[in-house]
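Values in this text are rule-based calculations from the coordinates and carry no lab data. Because the structure is a prediction, the values reported are computed rather than measured. Cβ atoms come from the backbone with ideal geometry, glycine included; neighbour counts cover every protein chain shown.
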Amino acid sequence: MSYNSVPIDTSHLPYCFTRFPVRIHKDKEEIQRFALKLIHATKKEDSKAHKHALYRYAFGPDMNIYSLSWCEADLDKMKLLIDFTELTWAHDDVAEEEPFENAVTESGRLCRAMYEEYDDEPVGDNGYGLRIKRFRDIRNRIKAIDAVGWVEVRDATEEWLHIDTKLKDFENLEEYLNIRKIHVGNKVMTSFIRWTMGIHLSEAELAFIEPYTDCIGVWLGLMKDHMSWKRERTQPTDRIVNSVHVIMNSYNLPEEAAVDMLRGILVRQEGKVLEMSTDLHSKPGLSTSMQMYIQNLQYYAGGLFYWHLLAPRYTKPQSFGSERAD
């Protein structure tokens, strides 16, 4: 039974809308206020990063990505999650614009900020240095609340921060998706489902549920690639990370055909996730925590689909150059 969220009516959306349930946190207005306050406090006004961050929240509390993705989170923990995630997104946005070698180096530095033994390591007063200092503070606050949950968040984040070293021109979609399920941040986000809800699973339970969370990670990578292709296809970068690109190269297909093929793969992957969920729920002997986690994985997936489908960031691809943001 859900206590922190309410359902969203999706009956007005197109027939192709996801079959995952969609809910939103009952404290969506407070979550929206906190996210905007954090952005204004940590990003230079009218900078590219500031405009990008504000644009994520252009539709107001009913489209807040945190309220949708972590709809059952404890509110105080949600605020720490937002602080942590906005910081890693800021790092990721900057890293995408850096030469590959620089991005990998700075990812390593950010990883070390999650370990106390590196706290004496000097950092500069530039953007990366300030993010490292903030990371250390956020680490301490998360760990103080739930040290066991923090280790899971830390390990997932470290794997994510290092995943860029495995990016390349992939020869086939299967090889690409095996990396993309990590690159899309699924393990970090699902570890935060557990942390914000106080869900503690044993090592055996985590191993048991891993094929299901991996299946969702593949679906998330496909979904995000499909939604973001219009935005990413024209961005200057030396690293194209998108299923459409892989399909075009693998099958020598034109762009339109590759997009259609990706859409079909995405629908089939969603069906696989739903089948696995039904099968898991039917298994006897699942702990209450496991049952809550399985259900909230669907809320998380549904919320992310809903946001990507309607957010202006993807429905109307934007350009945030030095002169304008339209």
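Numerical summary
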{"quantity": "Along principal axes, Cα extents of the stretch 22-315, largest first, whole Å", "calculated": "50, 49, 37"}
{"quantity": "Sorted peptide list for 17-24, 68-75, 204-211, criterion being average Cβ within 10 angstrom, highest first", "calculated": "68-75, 17-24, 204-211"}
{"quantity": "Stokes-Einstein diffusion coefficient of the stretch 143-266, Kirkwood radius over Cα pairs, 25 °C, 0.890 mPa s, in µm²/s", "calculated": "156"}
{"quantity": "Prolate/oblate/rounded label for the stretch 194-288 (Cα gyration tensor, a/c 1.5)", "calculated": "prolate"}
{"quantity": "Projected-area mean, the stretch 121-177, by convex hull of Cα positions, square nanometres", "calculated": "5.8"}
{"quantity": "Centroid-to-centroid separation of the stretch 152-199 and the stretch 1-80 [C-alpha atoms, Å]", "calculated": "21"}
